[in-house]
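Engineer: Take this structure first; my questions come after.
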């Protein structure tokens, strides 16, 4: 009976009939309270979200699987020490962490929550070594700031060995999911992608010229190998195949044009073998690709399209070059190391730019998609999600080696995404955007990628682009709520009340139990200056997820707006306790101290924020303001200059610089700064007000009057109007009593 | 419409919210007399159904004492003649100063069957000032409608001026353009 009941339980679980499964499981457990039965029963409870019951059932279990499940329940119930004990009790021998990679990941999470960063990093690293596709572990590593470890893990040459790229197969793979990139990466092995290594975008991408843009469409990069022939058949290309581990090289790949085929290998000309077959498929592939390309071209939404089109021209040229060179050299494919003939070399992370999006050439990511070089320029159409059409062309590639190829292409994909995410966590936003643009169009148009892109633009203070990315994400994936709190902040910055209200209503209707949705609501009310209500909503978000660092930060900002500094400090500190790399919270602490006139503290906190995100011009600007308040004007000026250099569009930095210059009595320079500022922000009353004050100091009362009048014209708020008017009245009065006491 | 929209008292009152902040939580509130069950806490519970009922001789006083000198802008009282009739205050005097014995009357207001929030500005007439500074504010109910002895007050809120981010960071004016305000903070 036991065996039968076990089967029944499994069936119920598969059909998601949790109640039934639990009932039968309990019968089974009552009949024989063995560990396997306990494990099964606990699984039923867990699927039904009843961790506490599973906890009690599994208490004392010793089998690895049971221990893992027990640890999972404990961690969900918040009993971290028990969870750790369960996972580790025989950890001395390091023999097992139950479930290998997953167990290490769980341990890593526990360590992270108990603030043992290095232990957490170790565990995540272990997890990734055991299972390179454990994306969550990689994500956690990046969030902890373990940049080098993450990069090394991802671009580990051994991975390429483990998941060799089967050229022929890769073709198939390519076409189908149109993820050109993955393939290339494995080749790279030795090269590790550091951006530095990216060679000139060229060779690889050049492929485009290859006759029909074979399916690839997406990745122009296609390794040089492809160049040789329109057909990707390279993989077949003979020379390398031997070096490749992939099974049945020749047969499989052929398939359609997968142009990009693994880099390295092809080195040589597209194999003659590939040629004939390829050409036909290539042709076939070509058309769809071009068709796709059209589609992408039509999508004028993203500006990148035009960029892309421009790149097409470049690509064409490049491809010409490629053809001239011997294929191997051209491919910078990483494979070269692997291939005897391949010169790969450049693999160049750089390619990415060319790749589809025509984006910045610098992209660091390894990308090399096998890419449809040919079609790439057009196909790159980042936006077009239609890329999926390509699979149609996908040829037959042999089944053999399909699984490995699948893994290899998945690896490629993960690498790009991983690099992009890692760069975002390091706040290298430009690089992140470039990396992500190497993705195949259909992956690019997915919710996670677009939200990440939106966040990258947000960190660069490019709110307009960020809004566009998020809008697109919402169109493609309307039920996705993670990441929308950033979108709401973007709309908050842009002061778009209507859109923010609409977004808030939509997300709350979707899911009332999502902390992200409540953050959106909170931001909406904060924009309306309803700070009490906003606070309530942020606290609701925190009730749903107490470890949501950003919600703590937002609470802190609301307390600050209410001038409740003690609570604000507490909130920011909690956010930092949860996530030390949350630079917004460090900044928040700095603003509170600045407001309380504790400028030393403020400067310290701004500096800490800057160590995490050194590319934020707003942070530099604030640090400059703090230094100015401390009368360290020289440093303040250099800081502000850094702010200006980092982001030309930051008007506040220039404004502050003018203020500092004015305080140093360098009136002329201040005036020139303000004049320049007038050009960029012609409707800003503060600029004219400051100019008026400087003119007054220079005794140019008339010009001061003019400036003040313009300031008045620009309709500042009512309290400011009185301020400006009193300034006008005092024009005749000497400077000393100028500032109204606050 | 989602019910959450009703939670905000006044969505359209952005100007008001921008210019003032409720600071009653910084003060100690006391009353001269109260009926058991209708004490001073009913004045501050954000519930318009509950009220404070006095239980002594007139004038009935509500004392609001701050720990440090704060900036004050206005006072709001919720009174409801329809529900409270003869308990509704009729004449209210507002005094401010440094301590209980050092108060100066700054406003006297007559209410005529009020239903809802009544706002009393604490600023002197025709003054450009945005606030007054005081330690102590006293609200005195001098008489009630229909000559009632005791009074009901349902809620009192006291507001100070709100300092916006720009001024908090030392800039004299608020920013009028989005370009400036976008870069003015990290959120």
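Engineer: Going by the structure shown, is residue A:660 within 18 Å of residue A:723 (Cβ to Cβ) and in a helix (DSSP H, G or I)?
Structural biologist: no
Engineer: Determine whether the range A:468-486 contains at least one residue that is over 30 Å from residue A:154 (Cα atoms) and crowded, with 22+ Cβ neighbours inside 10 Å.
Structural biologist: no
Engineer: Quick check on residue A:490: is it out of contact with any strand residue (DSSP E or B) (no Cβ under 8 Å at 6 or more places or on another chain) and more than 12 Å from chain B (Cβ to nearest Cβ)?
Structural biologist: For residue A:490, the condition - out of contact with any strand residue (DSSP E or B) (no Cβ under 8 Å at 6 or more places or on another chain) and more than 12 Å from chain B (Cβ to nearest Cβ) - is not met.
Engineer: Restricting attention to the range A:727-742, which residues are surrounded by 13 or more Cβ atoms within 10 Å (Cβ to Cβ), within 11 Å of chain B (Cβ to nearest Cβ) and modelled with pLDDT of 80 or more?
Structural biologist: A:727
Engineer: Only strands (runs of 3 or more DSSP E) wholly contained in the range B:40-135 count here; list those with 3 or more residues that are over 26 Å from residue B:147 (Cβ atoms).
Structural biologist: B:60-72
Engineer: Take the residues in the range A:493-522 that are facing chain B (nearest Cβ under 8 Å) and in a helix (DSSP H, G or I); name whichever of them is farthest from residue B:21 (Cα to Cα).
Structural biologist: A:509
Engineer: With A:501, A:488 as the choices, which residue is touching a helix residue (DSSP H, G or I) at 6+ places or on another chain (Cβ under 9 Å), farther than 17 Å from residue A:427 by Cα and without any contact (Cβ under 8 Å) to a residue 24 or more places away in the chain?
Structural biologist: That would be A:501, the only listed residue that is touching a helix residue (DSSP H, G or I) at 6+ places or on another chain (Cβ under 9 Å), farther than 17 Å from residue A:427 by Cα and without any contact (Cβ under 8 Å) to a residue 24 or more places away in the chain.
Engineer: Right, something else. Might you check whether a residue that is in contact with a helix residue (DSSP H, G or I) (Cβ under 6 Å, 6 or more places away or on another chain) and outside any helix (DSSP H, G or I) occurs anywhere in the range A:552-564?
Structural biologist: The answer is yes, given that some residue of the range A:552-564 is in contact with a helix residue (DSSP H, G or I) (Cβ under 6 Å, 6 or more places away or on another chain) and outside any helix (DSSP H, G or I).
Engineer: If I ask for residues that are within 16 Å of residue A:582 (Cα to Cα) and within 12 Å of chain B (Cβ to nearest Cβ), which ones from the range A:534-554 would you list?
Structural biologist: A:550, A:553, A:554
Engineer: Anything in the range B:28-54 that is surrounded by 14 or more Cβ atoms within 10 Å (Cβ to Cβ) and within 14 Å of chain A (Cβ to nearest Cβ)? List them, or say none.
Structural biologist: Hit for the range B:28-54 is B:44, nothing else.
Engineer: Can I ask one more? Hey, which of the helices (runs of 4 or more DSSP H) in the range A:410-487, taking only ones fully inside, have at least 1 residues that are within 9 Å of the chain's Cα centre (by Cα)?
Structural biologist: A:429-436, A:447-459
Engineer: Since residue A:580 meets every condition but one in (1) assigned to a loop (DSSP other than H, G, I, E, B); (2) within 12 Å of chain B (Cβ to nearest Cβ), which condition does it not meet?
Structural biologist: Going through (1) assigned to a loop (DSSP other than H, G, I, E, B); (2) within 12 Å of chain B (Cβ to nearest Cβ) one by one, residue A:580 breaks only (2).
The values are calculated or read from the model by the stated rules, or taken from the named source; none is laboratory data. Treat the numbers as computed from the prediction; the structure is a model and nothing was measured. Neighbour counts are summed over all protein chains in view; Cβ atoms, including those assigned to glycine, are modelled from backbone coordinates with ideal geometry.
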